[in-house]
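J.: Can you keep this structure in mind? I'll have questions shortly.
A short reminder: the numbers here are calculations on the coordinates, not readings from a lab. What you see is a predicted model; the values in this text were computed from it and never measured. Using ideal geometry, Cβ is built from the backbone for each residue, glycine included, and neighbour counts are taken over all protein chains shown.
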Amino acid sequence: MNDQLNNNSEFKIFGATIETFSVFYGSFLVFWGVIVSFISGSNSLTSFIPSLIGLPILIFSNLSIKFTNKKKLFMHIVFFFGLIAFLGGLDFLRSILTGTLFQNFWADISKLILLTTGAYFLYQCTRSFFFARKNNN
């Protein structure tokens, strides 16, 4: 199984805590936005949307690691930006419904990335929150 619960004290995904997993996810989104903007040659700020969503995830997940007494607050903020990633990715469905899918290849790939990774990230955050609530963390 991908995730492990060590001694029932801390929720883990791929061996990492949810905070560390969030750092990786935020870093991925920042990296993705920069790379897609570069590869596509886009001059539009919208190509950096994944980066703009990933940056607060990266910042607040790092803050949750550094300031453990504020971890709940920071991780709720991280969850909120993960929700924004997912909701932004839902625009991919509009491309399907209007028949314009992949007319703007890189934009649609970015939306698909936001949709799928955002959904998975929210799922793992929710599991982590339930685990913490169950174990009074």
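J.: Among the residues in segment 9-29, are any farther than 15 Å from residue 128 by Cβ and either surrounded by 18 or more Cβ atoms within 10 Å (Cβ to Cβ) or acidic (Asp, Glu) (or both)?
T.: yes
J.: Next question, about the same structure. Could you list, in sequence order, all residues of segment 108-137 that are over 20 Å from residue 57 (Cβ atoms) and either surrounded by 13 or more Cβ atoms within 10 Å (Cβ to Cβ) or touching a residue at least 40 places away in the same chain (Cβ under 8 Å) (or both)?
T.: 108, 135, 137
J.: Please give the number of the condition residue 47 fails out of (1) surrounded by fewer than 20 Cβ atoms within 10 Å (Cβ to Cβ); (2) touching a residue at least 60 places away in the same chain (Cβ under 8 Å); (3) of a type in the set (Ser, Thr, Tyr).
T.: In the conditions (1) surrounded by fewer than 20 Cβ atoms within 10 Å (Cβ to Cβ); (2) touching a residue at least 60 places away in the same chain (Cβ under 8 Å); (3) of a type in the set (Ser, Thr, Tyr), residue 47 misses (1) alone.
J.: For segment 53-72, what are the residues that are surrounded by 13 or more Cβ atoms within 10 Å (Cβ to Cβ) and hydrophobic (A, V, I, L, M, F, W, C)?
T.: 53, 55, 57, 58, 59, 60, 63, 65
J.: Here are the criteria: (1) over 19 Å from the mean Cα position of the chain (by Cα); (2) basic (Lys, Arg); (3) farther than 19 Å from residue 9 by Cα. Tell me which single one residue 111 does not satisfy.
T.: Here residue 111 clears every test but (1).
J.: Kindly indicate the residue of segment 93-107 that is surrounded by fewer than 20 Cβ atoms within 10 Å (Cβ to Cβ) and either under 17 Å from the mean Cα position of the chain (by Cα) or aliphatic (A, V, I, L, M) (or both) and also farthest from residue 46 (Cα to Cα) among those meeting that condition.
T.: Step by step, filter segment 93-107, then rank; the result is 97.
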